[in-house]
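Q: Take this structure, written in structure tokens, and hold onto it; I'll ask about it next.
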Amino acid sequence: MKNWMKTSIAAAIIATGAIGSTAALAWGGHCDGPRGGKAGWSQMAPEQMKAKMAERAELHMARLELALALTPEQKPAFESFKTDMKARAERMVANMAERRAASQPKTAIERMQRMEEMSKLRQAEMGEARKSVEAFYATLSDAQKTVFDAEFQQMGRKGERGMKGSGPRDGSGMGPGRG
């Protein structure tokens, strides 16, 4: 590789590092991480997590209701579905807070046991959610089912990155750099 290319690459790397350092200094000398200062689920207080999840659930349900253009006959089934989903979200928040308050697993066996317990809990929750969806889904027309399928698939995808794929799988509630 020619010297001028090496020099250019080195200068680009140094400049990139300098820009990042300058930005960190402009923020008070610390970096808030990839979320830009927004707390991830594991960093939120239980009350804050509950409020955030309730807010998201209400938004999703309002969007779903508008998209489905429900008939008056379908509204009671939707309200039942909505109540079930809200209760499920509240149980999830309570379970997250309980896991956070519990002592952290110290051994691989303890972590595996905790993951197994979490898996069983999620499986039971999913079964209950499916029953609720089935009961509501049965009241929908074919066109509404198409809309429901598309909307329900999108639920939780926006902004859920902090919940899926970024935390530990051992149920400890603490990922790298979170505690």
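The values are calculated or read from the model by the stated rules, or taken from the named source; none is laboratory data. Everything quoted here is computed from the prediction, not taken from an experiment. Note that we place each Cβ from the backbone using ideal geometry, even for glycine, and neighbour counts take in every protein chain shown. To get the accessible areas, we keep the full protein, side chains included, count just its heavy atoms, and leave off ligands, DNA and RNA. Shrake-Rupley method; radii C 1.70, N 1.55, O 1.52, S 1.80 Å.
Q: Using R₀ = 35 Å, calculate the FRET efficiency as 1/(1 + (r/R₀)^6) where r is the Cβ-Cβ separation of residue 89 and residue 142; round to 0.05.
A: So the FRET efficiency works out to roughly 0.75.
Q: Note down the magnitude of the dipole of segment 39-138 about its Cα centre, charges +1 on Lys and Arg C-beta and -1 on Asp and Glu C-beta and zero elsewhere, to the nearest 20 debye.
A: 360 debye
Q: Under a 1.4 angstrom probe, counting protein chains only, how are 121, 70, 59 ranked by accessible area, largest first?
A: Descending accessible area places them as 59, 121, 70.
Q: Show 112, 61, 96 ordered by accessible area, largest first, where the area counts protein heavy atoms only and the probe is 1.4 Å.
A: The ranking, largest first, comes out as 112, 96, 61.
Q: Given R₀ = 22 Å, what would the calculated FRET efficiency be for residue 80 paired with residue 120, taking r from the Cβ atoms and rounding to 0.05?
A: For R0 = 22 Å, the calculated efficiency reads 0.25.
Q: How big is the accessible area of residue 131 in square angstrom, nearest 10, if you roll a 1.4 angstrom probe over the protein chains?
A: Rounded to the nearest 10, the figure is 110 Å².
Q: Ordering 132, 141 by how much accessible area each has at a 1.4 Å probe, largest first, what is the list?
A: Largest accessible area first, the residues go 141, 132.
Q: Turning to a different aspect of this structure: State, to one decimal in nm, how far the label point of residue 151 lies from the label point of residue 67, with both points 7 Å from Cα in the Cβ direction.
A: Going by the 7 Å Cα→Cβ label model, 0.7 nm.
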